[in-house]
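Colleague: What follows is a single structure, and I will ask about it in a moment.
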Amino acid sequence: MALASGVRFAERALLRPWALLRGTTLGRTEPAAGGGGDGARRFGSQRVLVEPDAASGVAVMKLRNPPVNALSLELLTELVISLEKLENDKTFRGVILTSDCPRVFCAGLDLTEICGRNPAHCAEYWKAMQELWLRTYLSSLVLVAAINGACPAGGCIIALSCDCRVLADNPKYRIGLNETLLGIIAPFWLKDTYVNTIGHRASEQALQLGSLFPPAEALQVGLVDQVVPEDQVQSTALSEMARWLAVPDHARQLTKNMMRKATADRLLRQRDADTQNFVSFVCRDSIQKSLQAYLEKLRQRKG
Ligand SMILES: CCCCC/C=C\CCCC/C=C/C(=O)SCCNC(=O)CCNC(=O)[C@H](O)C(C)(C)COP(=O)(O)OP(=O)(O)OC[C@H]1O[C@@H](n2cnc3c(N)ncnc32)[C@H](O)[C@@H]1OP(=O)(O)O
C-alpha cells in the first residue's frame, strides 16, 4: 500500500499505527511454547516476536526479518509499534532486544529501501529510522541488547540506543559504524550517540575508518558492556536486566532522560532538515552508484 507522502511518520504512527503495516499481522497473540498463563503468551508481528513475562515485567523482543534482519520500512514500523505497546503496558519495566536470525543481530539499513527508490520513499524511510532511534534512545523501559550476531551500522545504532549491551564472543560478530566504507556518512545524531558511548577520540577514529570491532575490541573501547560465550548471552542479558531493574523506576528514568535528552532534542529540533539532508545525499547519482556496487558485492560474496 502506498503511503501518502508529506505526513509525518510519527504523527501517522500515533494516530493510525496499523495503517503503516503492509502485509503484517501485528497484534497477533499466541501461546508461547509450553506456556500457560498470560505471562507466557507471546505477541508481536511478522517481523518482531515479543515474548512477555508478566511476572518479571520483562519482555524479550526478537527481530525476525530473515536472512539478516535488514531494517526494512516494515521492520522499523513494527519495532516502533511493539515498543510503544510495551511502554504503554505498565506491567513491563524492561525489554531484551535480540535476534531470531542465526548469526546476525541486524545488518543495518535495508539498502534496497534507499537504492533505486524515489526521494519520497527515501524520506519516508528515513523518518521511520529517526522514529525508531528516538523511541529506543528515550524509552522509559530498561533496554538490554543481547547481541547474538553481526551488528554493523544501523544494527549498532539500535544496540547503542539500549541501556546495556551484551555481545556473544564470536569473532564474526563484529559491531560498529561502517558507513564510510559504503561511501555514506553517519548523521549527526548517530555520531552523538557514538560519542556519548565511547568518547570523542575513539569515535573520531572509528567513524572515519568505518571500524567494525570484534568482541574483545568492542569491550575494550566500551562499545559493549559484556562479552560472553554465545550460549550465555540471554542469561547474562537477564542478569544485567535484574541489576538495572533493582533501581527505582522514577529515579532511573529521570536520570536516563537527563543524560540523553539533549542529544535527542538536537534531532527533534531539526528533524525535517535532517530528512532533507539524507534524501538529497542518498539520491545523488554518485551515492546511488556506490550503494548499488556495495549491494552487488554483498550478493556476489554469497555465491
Ligand atoms: C550529510 C548528510 C547525511 C547523509 C546520511 C547518509 C546516510 C546515512 C547512514 C545511516 C546510518 C546507517 C547506515 C546503514 O545501516 S547502511 C547498511 C550497512 N550494513 C552493512 O554494511 C552490512 C552488510 N551485510 C553484511 O555485512 C552481511 O550480510 C552480514 C550482516 C555480516 C551477514 O552475513 P551473511 O550471514 O554471510 O549474509 P549475506 O552477506 O550472505 O547476506 C544475505 C543476504 O542479505 C543481503 N543483505 C545483507 N545486508 C543487507 C543490507 N544491509 N540491506 C539489504 N540487503 C542486505 C545480501 O545481499 C544477501 O542477499 P541475497 O540473498 O539476495 O544474495
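Only the coordinates and a few stated rules stand behind these numbers; no lab work does. Since the model is a prediction, treat every value here as computed from it, not as a measurement. In this analysis, Cβ positions are derived from the backbone assuming ideal geometry, glycine residues included, and neighbour counts consider all displayed protein chains.
Colleague: From the helices alone, meaning DSSP H stretches of at least four residues, give me the mean residue ellipticity at 222 nm for the chain, per-run term -39500 (n - 2.57), in deg cm²/dmol to the nearest 500.
Modeller: Values: 11 runs with 142 residues, N = 303.
Helices in the chain give a 222 nm mean residue ellipticity of -15000 deg cm²/dmol.
Colleague: Tally the DSSP beta bridges in the range 103-238 and give the antiparallel ones as a percent, rounded to 5. It would help to have the intermediate numbers written out before the result.
Modeller: Values: 1 of 11 bridges.
Looking only at bridges with both residues in the range 103-238, the antiparallel portion is about 10 percent.
Colleague: Using a 7 Å offset from Cα along Cα-Cβ at ARG269, what residues in the range 163-203 end up with backbone N under 19 Å from the label point?
Modeller: Hits in the range 163-203 for ARG269 at 19 Å: 187-196.
Colleague: To continue, here is another question. How much of the DSSP beta bridge set in the chain is antiparallel, as a percent to the nearest 5? Each step should come with its number before you reach the end.
Modeller: Details: 13 of 34 bridges.
If we restrict to bridges inside the chain, about 40 percent are antiparallel.
Colleague: Which number gives the lysine pairs in the chain that have C-alpha atoms under 21 Å apart and are eight or more places apart or on different chains?
Modeller: So the count of such lysine pairs works out to 14.
Colleague: For the pair ASN118 and SER280, how long in nm is the line joining their label points, each one 7 Å along Cα→Cβ?
Modeller: 2.1
Colleague: Same structure again: If you take the beta carbon distance between GLN208 and LEU295 as r and set R0 to 35 Å, what does 1/(1 + (r/R0)^6) give as a FRET efficiency, to the nearest 0.05?
Modeller: On the way: r = 23 Å, r/R0 = 0.66.
Computed FRET efficiency for GLN208 and LEU295: 0.95.
Colleague: Of GLY176, GLY149, GLY199, which has the largest mean-square fluctuation in a 10 Å C-alpha GNM of the chain?
Modeller: Most flexible of the set in this elastic network: GLY199.
Colleague: Starting from the exponent 0.38 and prefactor 2.2 Å, build the expected Rg for the range 99-210 from its residue count and divide its actual Cα Rg by it. Intermediate results must be reported in sequence, preceding the final value.
Modeller: Details: Rg = 14.0 Å, N = 112, 2.2 N^0.38 = 13.2 Å.
Against the empirical 2.2 N^0.38 Å value, I get 1.06 for the range 99-210.
Colleague: Can you check what the Kirkwood hydrodynamic radius comes to for the range 74-165, Cα pairs only, in Å to one decimal? Display every interim value, and only then the final one.
Modeller: On the way: mean 1/r = 0.0725 Å⁻¹.
Kirkwood hydrodynamic radius for the range 74-165: 13.8 Å.
Colleague: Next up: Any idea what the dipole of the range 202-296 comes to, in debye rounded to 20, about its Cα centre with Lys/Arg Cβ at +1 and Asp/Glu Cβ at -1?
Modeller: Working: 10 positive and 12 negative charges, 107 e Å.
Roughly 520 debye, rounded to the nearest 20.
Colleague: Related question: Using all Cα-Cα distances in the range 170-298, what percent lands in each 5 angstrom bin from 0 up to the longest?
Modeller: Spelled out bin by bin, the range 170-298 gives 2, 9, 13, 15, 17, 18, 14, 8, 4, 1, 0 percent.
Colleague: Sort 229-238, 150-159 for me by packing, meaning the mean count of neighbouring Cβ atoms within 10 Å per residue, highest on top. Before the final figure, lay out each step's value.
Modeller: Working: 229-238: 16.7, 150-159: 26.7.
Peptide ranking by packing, descending: 150-159, 229-238.
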